[in-house]
1. Those residues that are surrounded by fewer than 19 Cβ atoms within 10 Å (Cβ to Cβ), assigned to a helix (DSSP H, G or I) and touching a Gly at 6+ places or on another chain (Cβ under 7 Å), I need them from region 171-206; list them, please.
2. Working carefully through the options GLY156, GLY190, find the one that is modelled with pLDDT of 95 or more, closer than 23 Å to HIS58 by Cα and in contact with a strand residue (DSSP E or B) (Cβ under 7 Å, 6 or more places away or on another chain).
3. With GLY163, GLY130 as the choices, which residue is assigned to a loop (DSSP other than H, G, I, E, B), touching a Ser or Thr at 6+ places or on another chain (Cβ under 9 Å) and on the phi < 0 side of the Ramachandran plot?
4. For residues that are more than 11 Å from the chain's Cα centre (by Cα) and among the acidic types (Asp, Glu), scanning just region 27-76, find the one that is surrounded by the most Cβ atoms within 10 Å (Cβ to Cβ).
5. Return the pairs, sorted by first residue and then second, in which the second residue is at pLDDT 95 or above and not in a strand (DSSP E or B), the first residue lies in region 2-28 and is hydroxyl-bearing (Ser, Thr, Tyr), the beta carbons are less than 9 Å apart, and the residues are 6+ apart or on different chains.
6. Determine which member of the set LEU76, LEU86, LEU91, LEU39 is assigned to a strand (DSSP E or B) and free of Cβ contacts under 8 Å to residues at least 60 places away in the same chain.
7. Residues that are at negative phi, assigned to a helix (DSSP H, G or I) and charged (D, E, K, R): does region 44-51 have at least one?
8. Given the options ILE155, ILE169, name the one that is touching a helix residue (DSSP H, G or I) at 6+ places or on another chain (Cβ under 6 Å) and under 15 Å from PRO203 (Cα atoms).
Amino acid sequence: MIIRTLEVGPIMANCYILGCEDTKEAVVIDPGDEADRILMTLAQDKLTVKYIINTHGHFDHVGANKELKEATNAKLMIHADDEPMLSELSLHAASFGLSMENSPGADITLSDNDEIKFGNITLKVIHTPGHSKGGICLLTDKILIAGDTLFAGSIGRTDLPGGDYDTLISSIKTKLLTLDDDTIVYPGHGPETSIGREKQINPFLS
């Protein structure tokens, strides 16, 4: 599997491109900004985007949805509980002093345990509310795209609308820490980590 990580936008969110080496089908996860750079990376790897997937609805993870969707005709996916946030993107960005267009609505709304297939790859949807009501993680083999649920040594903030600390901790402990220790975690911000490492060192999970 091809994995590309791009730090995009003023809040340096991680956008991930996952591609099937055999079919060259791909998904773009959390295109928060810099659509041109995302498209250039896709072109370099000769990838065709089947789906755009948002792990949650915050502006720094969805800001380039519109431009990327127009350029690729890919289907846009987000959990049903965060789908309404796509039409509130400009308001959310403005609260951080930034200007951003609203996102198109979702073509497909996701639920817990859904499967997303592209090429020879299947992603399992894990609903992990707490950072937002519709936050999700995506799992394939021993690779977890964690959005803003779990970070290296930290967890997602819970002081934004839809956030709840106890819910987030429960999501992580019941749905993520049960994965194999050698599962690699690709978070929404910052460096990658592993489930085993977070069990050992994450102060929020002791």
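1. Hit for region 171-206 is ILE201, nothing else.
2. GLY190
3. Every option except GLY163 fails the conditions.
4. Applying the filter and picking the extreme gives ASP33.
5. Sorted first by the residue in region 2-28, then by its partner, the pairs are THR5/GLU192; TYR16/ASP30; THR23/GLY119; THR23/ASN120.
6. LEU76
7. Step one: filter region 44-51 for residues at negative phi, giving 44-45, 47-51.
Then drop every residue that is not assigned to a helix (DSSP H, G or I), which leaves 44.
Right, trim to charged (D, E, K, R) and you get none.
Scanning region 44-51, I find no residue that is at negative phi, assigned to a helix (DSSP H, G or I) and charged (D, E, K, R), so the answer is no.
8. Working: ILE169 fails: touching a helix residue (DSSP H, G or I) at 6+ places or on another chain (Cβ under 6 Å).
When all the criteria are applied, what remains is ILE155.
The values are calculated or read from the model by the stated rules, or taken from the named source; none is laboratory data. In this text, all values refer to a predicted model and were calculated from it rather than measured experimentally. Glycine also receives a Cβ, built like all others from the backbone with ideal geometry; neighbour counts cover every protein chain displayed.
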